[in-house]
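Below is one structure, written out as structure tokens; the observations come after it.
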Amino acid sequence: MTAVAAPTALDQLKALSHEIRFSLVRHLAQGEYCVCDLEALLDLPQSKVSYHLGILREAEFIQSEQRGKNVYYRLIHPTLYQLGGRLLTDLFEGNDALTHQNNSIC
């Protein structure tokens, strides 16, 4: 069995960078929805909505729950809250240049 690596901040930014996925996240920020509701909100076919929900699930932004014939999706809020901090950590890891420059021109 192979372990699946957790998504990086870059992976998560890529997931949010698509207009449809960003719209899905904005709708899910209002609460839980089933796929049929999201289809109607975005005026897209089920296959396209499900494809983009799958990418958001891989990025660990959403979770799903099967209830009868319907699948309901909700945001994983801590993942979104932590993304900004993870991005800044990745960008500035080991970078002391923000506080001290040895070779400054001025």
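Filtered by the rule that a residue be in contact with a strand residue (DSSP E or B) (Cβ under 7 Å, 6 or more places away or on another chain) and aromatic (Phe, Trp, Tyr), region 29-65 gives 33, 61. Checking the stated criteria, residue 4 turns out not to satisfy the condition of being modelled with pLDDT of 95 or more, at negative phi and out of contact with any Cys (no Cβ under 6 Å at 6 or more places or on another chain). For region 58-86, the set of residues classified as of a type outside the set (S, T, N, Q), touching a Phe, Trp or Tyr at 6+ places or on another chain (Cβ under 8 Å) and in a helix (DSSP H, G or I) consists of 80 only. One residue stands out among those in region 14-47 that are touching a helix residue (DSSP H, G or I) at 6+ places or on another chain (Cβ under 7 Å), in contact (Cβ under 8 Å) with a residue 24 or more places away in the chain and part of a helix (DSSP H, G or I): the one that is nearest to residue 69 (Cα to Cα), which is 35.
The values are calculated or read from the model by the stated rules, or taken from the named source; none is laboratory data. Predicted, not measured: the structure shown is a model, and the values here were computed from it. Neighbour counts are summed over all protein chains in view; Cβ atoms, including those assigned to glycine, are modelled from backbone coordinates with ideal geometry.
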